[in-house]
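Only one structure is covered here, and it is reproduced in the block below.
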Amino acid sequence: MRLLSRKATCNTHGQDSSYFLGWQEYEKNPYDEIKNPTGIIQMGLAENQLSFDLLESWLANNQDASGFKKDGQSIFRELALFQDYHGLPAFKKAMVEFMAEIRGNKITFDQNKIVLTAGATSANETLMFCLAEPGEAFLLPTPYYPGFDRDLKWRTGVEIVPIQCTSVNDFKITTPALEEAFQEAQKRNLRVKGVLVTNPSNPLGTTITRNELNLLLSFINEKGIHIISDEIYSGTVFSSPGFVSIMEVLKDRKCESTQVWNRVHVVYSLSKDLGLPGFRVGAIYSNDDMVVSAATKMSSFGLVSSQTQYLLSALLSDKKFTRNYILENQKRLKQRQQLLVKGLEKAGISCLKSNAGLFCWVNLKHLLSSNTFDAEMELWKEIVHQVKLNISPGSSCHCTEPGWFRVCFANMSEETLNLAIQRLKSFVESMNNNRSHHQLLKNSRRSKSLTKWVFRLSFDHDRESEER
């Protein structure tokens, strides 16, 4: 008799991905400026630690909120008791207003259409449960966030079919790529229920263009399927072109009275824009009343605590603070991204041009021993164990081309980032020196071989002349 369920004993969680294995190596030997200066620097974690001082300053100046008080009176008991899983109305109102502010107030959100979840992970999984049956599929453009193999598939039984994007056009989504993925799903006898995109992209650090969003809406309209736009990095856009939400394009296309209106769903979170992943605040926004109703019921398995909602409703309602925070955080992200890009350029390493996110998509193809994913893994292991940097290989993101890596820059101090760049630069110089030495030896052997061949040819010629 089986004592545990198949779910408990199966190996489909994705924990054996190099994305997670890199974290495990880091945890064995974490870098610390004082305690462990030769340890592994964590560059595989997309956390935003650049603007904590702004948040801490607000908390110091708003002690009623942080002390769970209202008008100087404690509301601890009220917050400690059970709350309806619909969420605190004040927080939902503040959340949708913040989402609109990040999008330049070009669109507004109805607080009755938002569902609070314990982070974006929970939001994406909940939408899978709402929109698809086990064995049905969602199409995802590559490269995509490695955690989706866990978040979307593990408990739901939903399958992922990749939309193959390439560096030829900077990994942009095209109609042929969408059609090819749809046909691939059909070949595998998978019913396609939708497309999921991250905008801005994780791991590319780029925003999806308005043209791509129009392509996507036309595609889901033609196929009669859903689209989920994961927009958890929407507030991190630090350079042009600016961020365009799929809800903005939906509005511009005047889709309110069409069936597409109810088949577009947005996922949001405060983990990246505010740098609060530990607070576990995520959200689903949908125009479909049945999706909102079902997702709200499911949210009881992953609620946001009342204390967290109360604190953040006060913070997000402070419009002067949120305006300043968004602008200053984007400024700091831009400076940090430029520091990494310029540092890598000096080491002879290029990056995909990016305008958002907490990471760069870095091209290390020239360091591969061969143009294969095996060579990519060999290089990754060298970088983790010898260079002592945990970066994420493109294969973990299902990239179709070996040699790309996601490198995070916002989860460490500037000094630590400079050290990481120096380590990588030294590694590249060492590899180039080794290759030059190897080439010299190869040329030397070839030269000796050529000398012997010329001598032998001359000897044979002289002997033939004598014999004649």
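Calculated from DSSP H runs of 4 or more alone, at -39500 (n - 2.57) each and per residue, what is the 222 nm mean residue ellipticity of the chain, nearest 500?
-14500 deg cm²/dmol
Report the trypsin sites (Lys or Arg not before Pro) located in segment 141-238 that are in a DSSP loop and have at most 15 other Cβ atoms inside 10 Å of their Cβ, or state none.
Here the trypsin sites (Lys or Arg not before Pro) that fit, given the DSSP loop and packing criteria, are Arg155, Arg188, Arg191.
Can you list the residues, at least 5 places off or on another chain, whose amide H is less than 5 Å from the amide H of Phe359, using H built in the peptide plane?
Phe409
Would you mind working out the accessible area per residue for the chain, using a 1.4 Å probe, and quoting it in Å²?
49 Å²
Given Cα pairs under 8 Å that are at least 6 residues apart, what percent is the relative contact order of the chain?
So the answer I get is 22 percent.
Go ahead and run the numbers for FRET between Ser167 and Arg323, Cβ-Cβ distance against an R0 of 35 Å, rounding to 0.05.
0.40
Ratio of Rg to Rh for segment 65-200, alpha carbon only, Kirkwood?
For segment 65-200, the value is 1.10.
So if I average 1/r over every pair of distinct C-alpha atoms in segment 319-417 and take the inverse, what Kirkwood radius in Å does that give?
After inverting the mean inverse Cα-Cα distance, the result is 14.7 Å.
Considering only protein heavy atoms and a 1.4 Å probe, what is the carbon-and-sulfur percentage of the accessible area of the chain?
Carbon and sulfur: 51 percent of the exposed surface of the chain.
Sort out for me the Cα centre separation of segment 1-51 from segment 367-393, rounded to whole Å.
Centre-to-centre distance over Cα atoms comes out at 17 Å.
So what does the Cα-only Debye profile of segment 267-340 read at q = 0.16 Å⁻¹, as log10 I(q)/I(0), no solvent term?
At q = 0.16 Å⁻¹ the computed log10 ratios are -0.76.
Considering the options Gln63, Pro203, Val158, tell which one lies farthest towards the positive end of the dipole of segment 53-321, charges being +1 on Lys and Arg and -1 on Asp and Glu at the Cβ, about the Cα centre.
Of Gln63, Pro203, Val158, it is Val158.
Taking 20 °C and 1.002 mPa s as the conditions, I'd like the Stokes-Einstein D for segment 53-321 in µm²/s, using the Kirkwood hydrodynamic radius from alpha carbon pairs.
For the chosen part, D equals 111 µm²/s.
Please compute the alpha carbon radius of gyration of segment 61-120, then divide it by the globular-protein estimate 2.2 N^0.38 Å. Two decimals is fine.
1.35
From the P(r) of the chain, could you give the percentage of C-alpha pairs in the tail past 39 Å?
Result: 29 percent of Cα pairs exceed 39 Å.
The values are calculated or read from the model by the stated rules, or taken from the named source; none is laboratory data. Fair warning: this is a prediction, and the values are worked out from it, not measured in the lab. With ideal geometry, Cβ positions are generated from the backbone for all residues, glycine too; neighbour counts draw on all protein chains shown. Heads up: the accessible areas ignore ligands, DNA and RNA and are worked out on the full protein's heavy atoms, side chains in. Shrake-Rupley method; radii C 1.70, N 1.55, O 1.52, S 1.80 Å.
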